[in-house]
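One structure is given here, and the rest of the page talks about it.
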Amino acid sequence: VRIEGFVEDLEPVFARATAALAPLRFGSGIKIKMLDALSRGVPVLATDVSVDGIPVAADGSDGCIVDNALVRWPAHIEALLDPAHNAAMSAGGRAFFSRLYGRSSVMADYDEMFGLEPVEEIARPA
């Protein structure tokens, strides 16, 4: 476990991370940090408070393990050290983020909210 403090660019940190840990016991609102980790394919180990407002699956298929019993966290972390398990969790997190919070999903929600006809998305250069 490494506590980084302020980091100018999170990309290298997320690229080498095995998991994002969020042992919050209290708080309110959606935790953008959890969505950021899932969008980058970093599995999340969280308490239910940490993912409040984020509809992750109870079975972990969305790349997020929710467990309020912090005594079990070492076992969860050890499981995430397995490359195959971590890769499956990573893929689940990316798919979950894309499905609910990705650009095309958000644009479709806006179109529906404002009663607009969906517009075909223009391909952007990478």
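The values are calculated or read from the model by the stated rules, or taken from the named source; none is laboratory data. Fair warning: this is a prediction, and the values are worked out from it, not measured in the lab. Don't worry about glycine lacking a Cβ; one is built from the backbone with ideal geometry, like all the others, and counts go over all protein chains shown. The protein model used for the area step is the full one, side chains on, heavy atoms only, and it has no ligands, DNA or RNA in it. Shrake-Rupley method; radii C 1.70, N 1.55, O 1.52, S 1.80 Å.
Values as computed for the structure displayed
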read-out: Answer from A57, A37, A75 - the residue that is over 18 Å from E11 (Cα atoms) and in a helix (DSSP H, G or I); value: A75
read-out: Whichever residue in segment 78-125 is at pLDDT 95 or above and not in a helix (DSSP H, G or I) and, among such residues, is least open to solvent (accessible area, probe 1.4 Å); value: D82
read-out: Subset of segment 1-23 (residues that are of a type outside the set (D, E), open to solvent by 40 Å² or more (accessible area, probe 1.4 Å) and outside any loop (DSSP other than H, G, I, E, B)); value: P12, A15, R16, L21
read-out: Residue satisfying all of: in segment 60-72; open to solvent by less than 20 Å² (accessible area, probe 1.4 Å) and either at pLDDT below 95 or in a loop (DSSP other than H, G, I, E, B) (or both); farthest from G41 (Cα to Cα) among these; value: D67
read-out: Sole exception among (1) among the aromatic types (F, W, Y); (2) open to solvent by less than 70 Å² (accessible area, probe 1.4 Å); (3) free of Cβ contacts under 8 Å to residues at least 40 places away in the same chain for F26, by number; value: (2)
read-out: Residues (of a type in the set (V, I, T) and buried (at least 18 other Cβ atoms within 10 Å of the Cβ)) located in segment 29-59; value: V42, V44, T47, V51, I54, V56
read-out: Pairs where the first residue, in segment 56-67, is under 18 Å from Y101 (Cβ atoms) and the second is polar (S, T, N, Q) and open to solvent by less than 30 Å² (accessible area, probe 1.4 Å), C-beta under 8 Å, 6+ apart; value: G63/S90; V66/T47; V66/S50
